[in-house]
Amino acid sequence: MFRTRQVTKIYLAVVKERPPEDEATISHFLKKNEQQNKSYVFDNEVKGSKEGSLTYRLKARSEKYYLLEVELHSGRHHQIRAQLAKIGCPIKGDLKYGFPRSNEDGSISLFARKLEFIHPVKKEPVTITGHFPEGDIWSVFVDSV
């Protein structure tokens, strides 16, 4: 179901910079570097790259941060991290993609919030929603989504 894109994947990300638009679908070409365990983002196709797209929506803001809801349309390596960094919005704590300092626990402020799909046997919609992670940054936004 994942491979045939029959699953809707919704993530939440905390970023320091306000995105260029409150809601947008962005597409880039991503190329994975195995040695660095990192993906590089290009505006145009380059040899070995694969197209990736996502839609982000600005859901809330705090004094210092913005909460984005991200819907993946493809599933590329580090896609959300790389594409948000490309538009000037690296995820809080994500040193690999340009955030200036790590989170205290070494995590990044990104998590899978919701999966939605049609049950393969019952043919009924299924929604699985994850609980907000613990931590001060998430508690600020818990009532925003």
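Taken together, the values in this text are just the output of simple stated rules run on the coordinates, not laboratory data. Note that the structure is a prediction, hence the values are computed from the model and not measured. Backbone-built Cβ (ideal geometry, glycine too); neighbour counts: all protein chains shown.
Dipole of the chain computed with +1 at Lys/Arg Cβ and -1 at Asp/Glu Cβ about the Cα centre; of 95, 125, 53, farthest Cα towards the positive end is 53.
Past 20 Å, Cα to Cα, is the threshold; run 31/114; 9/64; 64/92; 31/86 against it and keep the listed order. Exceeds cut-off: 31/114; 9/64. Available extension along the chain between residue 138 and residue 107 is 9.9 nm, counting 0.36 nm per residue and deducting the alpha carbon span. Using Cβ point charges alone (K and R +1, D and E -1), the dipole size of the range 3-88 about the Cα centre works out to roughly 360 debye. Over the chain, Cα pairs under 8 Å with separation of 6+ residues give a relative contact order of 26 percent.
Of all segments of the chain bounded by GluC sites (Glu not before Pro) found in a DSSP loop with no more than 16 other C-beta atoms within 10 Å, the longest spans 64-103. When only DSSP loop residues count, what trypsin sites (Lys or Arg not before Pro) in the range 1-53 have their Cβ near at most 12 other Cβ atoms within 10 Å? Counting only loop positions with at most 12 other Cβ atoms within 10 Å, the trypsin sites (Lys or Arg not before Pro) in the range 1-53 are 3, 5, 47.
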